[in-house]
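What follows is a structure written as structure tokens; I'll ask about it next.
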């Protein structure tokens with residue numbers, strides 16, 4: 001009898017762990033697909049700029065800002081819905097994104113594509129970012145129930161990988177000529193992707209990307225629904241009220257500012273850089289822009305590793321100093337490009353921007369290490385959701401700031417804003433986390 005009972009118990013444990021692994025995989029899959037769909041607008045606007053649609057630079061930059069706002073609002077909204085929808089959240093979000101992909105496919109296949117339609121598509125693109133909340137919830141599951149709880153760094157890294165995937169895959173799919181697919185958008189200037197250069201005159205098939213992602217969202221919606229129906233287990237997690245955290249813990253604000261300086265800079269520059277290179281230099285920059293998120297994928301774990309050895313606050317301080325240097329160089333070369341022989345300054349400007357993206361990702365890895373030492377694990381995921389939401393506003397501020405600067409042809413002044421911002425961060429981090437008599441020293 002005892003052996004039968006033990007066998008049944010082991011079977012229940014295996015079933016539980018199997019269902020949790022499936023749920024975890026589907027949650028991360030919907031997150032990856034959803035954030036990639038949102039990040040695709042960093043590429044879509046460049047292809048629209050090269051097309052026969054004749055949109056102004058301000059209109060195109062506004063589309064990036066609208067998509068950025070959509071992602072930030074959706075990420076915050078996800079924290080409210082995760083407790084309501086529970087295990088059904090991946091199914092609901094995948095279904096919403098399936099509908100969004102179908103709508104995008106229909107509109108990008110239309111004979112005429114108007115600017116208000118593009119605004120509506122950009123505004124709905126960020127719904128997949130709601131999946132950050134359930135993904136972060138996976139990071140605070142008990143080690144007794146889940147032998148390998150999900151790493152918070154893995155969830156944050158999904159954002160970087162999604163940007164890399166979007167800037168690598170969207171140009172390829174949008175220039176993949178299929179006999180059965182048509183579009184009214186025509187390339188008026190050459191473009192390209194990782195594998196080849198595409199000459200002017202070819203059709204821009206943004207509906208290809210929408211079609212492929214609609215299939216993927218459809219599959220994940222079906223699998224998520226099946227997993228939710230089969231799962232009878234409820235995860236009991238302590239509730240953390242973000243309002244109380246914001247009101248009673250000043251470190252939430254300190255860490256959020258540092259997180260915004262690092263990750264917010266990365267998101268903002270990565271989303272706006274492809275369009276900026278197109279306006280200023282006019283090159284087929286879609287062949288190159290994927291390098292930004294790619295080096296960030298390498299820099300972030302490197303920053304986390306350095307922080308575990310030398311301390312998170314110290315590595316953050318060094319990163320902010322390097323961000324100031326690369327920001328000053330990028331602004332200097334941007335000024336020369338606008339007032340001199342533009343083609344001479346593309347390479348040094350692009351290298352400076354890669355340096356800025358690398359150091360911002362490096363600093364983000366160290367900031368997260370500091371946050372895990374300042375806050376208990378139960379609270380850290382909520383702080384990260386809040387800080388990450390604020391950081392996504394970088395994809396709102398930067399495009400709007402560049403649009404304003406573009407009208408006066410003084411885009412180098414944008415970098416002055418960020419240098420001042422980084423100086424403030426340098427002073428804040430030094431005063432709060434690098435004083436030996438502070439509450440936390442070099443966390």
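The values are calculated or read from the model by the stated rules, or taken from the named source; none is laboratory data. Fair warning: this is a prediction, and the values are worked out from it, not measured in the lab. No Cβ is skipped: glycine too gets one built from the backbone with ideal geometry, and neighbour counts run over all protein chains shown.
Let me confirm something: among 185, 178, 165, which residue is at pLDDT 85 or above and in the same structural domain as residue 68 (by TED's automatic domain parsing)?
On the way: 185 fails: at pLDDT 85 or above; 178 fails: at pLDDT 85 or above.
Sole residue among the options that is at pLDDT 85 or above and in the same structural domain as residue 68 (by TED's automatic domain parsing): 165.
Sort out which residues of the range 188-211 are assigned to a loop (DSSP other than H, G, I, E, B), touching a strand residue (DSSP E or B) at 6+ places or on another chain (Cβ under 7 Å) and surrounded by 19 or more Cβ atoms within 10 Å (Cβ to Cβ), and write them in order of number. Step through it out loud before you land on a result.
Restricting attention to the range 188-211, the residues satisfying the condition of being assigned to a loop (DSSP other than H, G, I, E, B) are 188-190, 193-196, 199-202, 204-205.
Adding the requirement that they be touching a strand residue (DSSP E or B) at 6+ places or on another chain (Cβ under 7 Å) leaves 188, 190, 200-202, 204.
Within the range 188-211, 204 is the sole residue that qualifies.
Of 401, 436, 382, which residue is without any contact (Cβ under 8 Å) to a residue 60 or more places away in the chain, surrounded by 16 or more Cβ atoms within 10 Å (Cβ to Cβ) and assigned by TED's automatic domain parsing to the domain that holds residue 256?
Numbers: 436 fails: surrounded by 16 or more Cβ atoms within 10 Å (Cβ to Cβ); 382 fails: without any contact (Cβ under 8 Å) to a residue 60 or more places away in the chain.
After applying the criteria, what remains is 401.
Could you go through the range 31-54 and let me know if any residue there is in the same structural domain as residue 102 (by TED's automatic domain parsing), at positive phi, out of contact with any strand residue (DSSP E or B) (no Cβ under 8 Å at 6 or more places or on another chain) and at pLDDT 80 or above.
Within the range 31-54, the first condition is being in the same structural domain as residue 102 (by TED's automatic domain parsing), and the residues that meet it are 31-54.
The next check asks that each one be at positive phi; those that pass are 54.
The next check asks that each one be out of contact with any strand residue (DSSP E or B) (no Cβ under 8 Å at 6 or more places or on another chain); those that pass are 54.
Those left that are additionally at pLDDT 80 or above: 54.
Yes: the range 31-54 contains one or more residues that are in the same structural domain as residue 102 (by TED's automatic domain parsing), at positive phi, out of contact with any strand residue (DSSP E or B) (no Cβ under 8 Å at 6 or more places or on another chain) and at pLDDT 80 or above.
How many of the residues making up the range 335-371 are under 25 Å from the mean Cα position of the chain (by Cα) and surrounded by 19 or more Cβ atoms within 10 Å (Cβ to Cβ)?
21
When you go through (1) part of a helix (DSSP H, G or I); (2) surrounded by 22 or more Cβ atoms within 10 Å (Cβ to Cβ) one by one for residue 289, which number turns out not to apply?
(1)
Count, please, the residues in the range 253-264 that happen to be within 20 Å of residue 43 (Cα to Cα) and either in the same structural domain as residue 70 (by TED's automatic domain parsing) or more than 11 Å from the chain's Cα centre (by Cα) (or both).
Kept after step one, since they are within 20 Å of residue 43 (Cα to Cα), are these residues of the range 253-264: 263-264.
So of that shortlist, the ones also either in the same structural domain as residue 70 (by TED's automatic domain parsing) or more than 11 Å from the chain's Cα centre (by Cα) (or both) come out as none.
Within the range 253-264, residues that are within 20 Å of residue 43 (Cα to Cα) and either in the same structural domain as residue 70 (by TED's automatic domain parsing) or more than 11 Å from the chain's Cα centre (by Cα) (or both) number 0.
Kindly establish whether residue 304 is under 22 Å from the mean Cα position of the chain (by Cα), assigned to a helix (DSSP H, G or I) and farther than 20 Å from residue 352 by Cα. Before the answer, list the steps.
Values: under 22 Å from the mean Cα position of the chain (by Cα): yes; assigned to a helix (DSSP H, G or I): yes; farther than 20 Å from residue 352 by Cα: yes.
Taking the combined requirement at face value, the residue satisfies it.
On to the next question. Mind counting the residues in the range 212-252 that are at pLDDT 85 or above and either over 30 Å from residue 176 (Cβ atoms) or outside any helix (DSSP H, G or I) (or both)?
First, pick out the residues of the range 212-252 that are at pLDDT 85 or above: 212-229.
Filter again for either over 30 Å from residue 176 (Cβ atoms) or outside any helix (DSSP H, G or I) (or both), leaving 225-229.
Matching residues across the range 212-252 total 5.
Quick check on the range 162-178. Is at least one of its residues touching a strand residue (DSSP E or B) at 6+ places or on another chain (Cβ under 9 Å), in a loop (DSSP other than H, G, I, E, B) and surrounded by fewer than 16 Cβ atoms within 10 Å (Cβ to Cβ)?
Going residue by residue through the range 162-178, those that are touching a strand residue (DSSP E or B) at 6+ places or on another chain (Cβ under 9 Å) are 171, 174-175, 177.
Next, from what is left, pick out any that are in a loop (DSSP other than H, G, I, E, B): 175, 177.
Narrowing the set further to residues that are surrounded by fewer than 16 Cβ atoms within 10 Å (Cβ to Cβ) leaves 177.
Yes, the range 162-178 has at least one match.
With (1) surrounded by fewer than 22 Cβ atoms within 10 Å (Cβ to Cβ); (2) under 24 Å from the mean Cα position of the chain (by Cα); (3) in contact (Cβ under 8 Å) with a residue 60 or more places away in the chain as the list, and residue 422 as the residue in question, which single condition is left unmet?
(1)
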